[in-house]
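Worksheet for the structure shown next.
The values are calculated or read from the model by the stated rules, or taken from the named source; none is laboratory data. These numbers were taken from a predicted model, which means no experiment stands behind them. Every residue, glycine among them, receives a Cβ derived from its backbone with ideal geometry; neighbour counts consider all protein chains shown.
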Amino acid sequence: MLKVGLTGGIASGKSVVGEMLIALGAHLVQADRIAHQLMLPGQPVYNEVVRHFGGGILNPDLSVNRAKLAEAAFGKAPSSAASRIGELNRIVHPAVIRSQEEWMEEVGRQDRQAVAIVEAALIIEAGAAKRFDRLIVVTCSDQQRTARFAARQKLDLDAARKEVARRMAAQLPEAEKIKAADFVIDNSGSLDQTREQVRQVWEKLRTEAAGETRKNLPS
């Protein structure tokens, strides 16, 4: 089995690339979905997040309001983001990483030649890159990033630009992520262009996963 991390900046198109990889045969889990499950009422992570960030982040039914949590964590300006994001990450990341490891182990038991992919925005920032055999970084232009975020969040371009800048300030610069990558997929062009890059990366991953399996077979 080959363990692969899939990451990139906000609105770069990680999920689009992930869907393409699934269509080709990859196993994939999204760290965001794991975190969502861990922050359901009654879960230890939920209790810690509420204790640190207060009841103001909750909906009337006591579920976490993700928009309010994001505002509390990122702050009103990039300069105020780091300490609160660090606080949130220290609560959530260890539990998410444990769940990821358990998921990958289960995938490996079911398919020894599997390519198991974890899609997560903060793989490198969380110090989790070393847990993977290969790292894919998805990139796009700043203009596309803003436009995609605006469409997704139903914001005007100016508000989206400010919010993207605020969130990107809490992440490693894209250039640093690219340096750490084994594969870079530029999602600035058409979907067909992205799909072709994904296909080429997939062929390499699949070949490597098969090679790892043969290497680990008893002689």
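Filter region 1-20 for residues that are in contact with a strand residue (DSSP E or B) (Cβ under 6 Å, 6 or more places away or on another chain) and closer than 16 Å to residue 195 by Cβ; which is surrounded by the fewest Cβ atoms within 10 Å (Cβ to Cβ)?
Once the filter is applied, the top-ranked residue is 18.
Can you name every residue in region 131-165 that is touching a helix residue (DSSP H, G or I) at 6+ places or on another chain (Cβ under 8 Å), farther than 29 Å from residue 4 by Cα and not in a helix (DSSP H, G or I)?
Correct list: 155, 156.
Every residue, every condition in (1) in contact with a Pro (Cβ under 8 Å, 6 or more places away or on another chain); (2) in contact (Cβ under 8 Å) with a residue 12 or more places away in the chain; (3) farther than 22 Å from residue 129 by Cβ; (4) surrounded by 13 or more Cβ atoms within 10 Å (Cβ to Cβ), yes or no:
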residue	(1), (2), (3), (4)
26	no, yes, no, yes
29	no, yes, no, yes
39	no, yes, yes, yes
48	no, yes, yes, yes
55	no, no, yes, no
59	no, no, yes, no
67	no, no, yes, no
93	no, yes, no, yes
108	no, yes, no, yes
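Given the criterion aliphatic (A, V, I, L, M) and touching a Gly at 6+ places or on another chain (Cβ under 6 Å), identify the matching residue among 201, 115, 138.
138
Wholly within region 1-70, which helices (runs of 4 or more DSSP H) include no fewer than the required count, namely at least 3 residues that are within 12 Å of the chain's Cα centre (by Cα) and under 30 Å from residue 113 (Cβ atoms)?
Helices (runs of 4 or more DSSP H) meeting the threshold: 14-24, 31-38.
Matching residues to (1) closer than 19 Å to residue 75 by Cα; (2) surrounded by 18 or more Cβ atoms within 10 Å (Cβ to Cβ); (3) polar (S, T, N, Q):
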site	(1), (2), (3)
141	no, no, yes
153	yes, no, yes
157	no, no, no
160	yes, yes, no
177	no, yes, no
194	no, yes, yes
197	no, yes, yes
200	no, no, yes
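Can you tell me which residue in region 166-219 is modelled with the lowest pLDDT, limited to those that are more than 20 Å from residue 147 (Cβ to Cβ), over 19 Å from the mean Cα position of the chain (by Cα) and part of a loop (DSSP other than H, G, I, E, B)?
Among those that are more than 20 Å from residue 147 (Cβ to Cβ), over 19 Å from the mean Cα position of the chain (by Cα) and part of a loop (DSSP other than H, G, I, E, B), it is 219.
Of the residues that make up region 116-125, is at least one part of a loop (DSSP other than H, G, I, E, B), among the charged types (D, E, K, R) and free of Cβ contacts under 8 Å to residues at least 24 places away in the same chain?
The answer is no; no qualifying residue exists.
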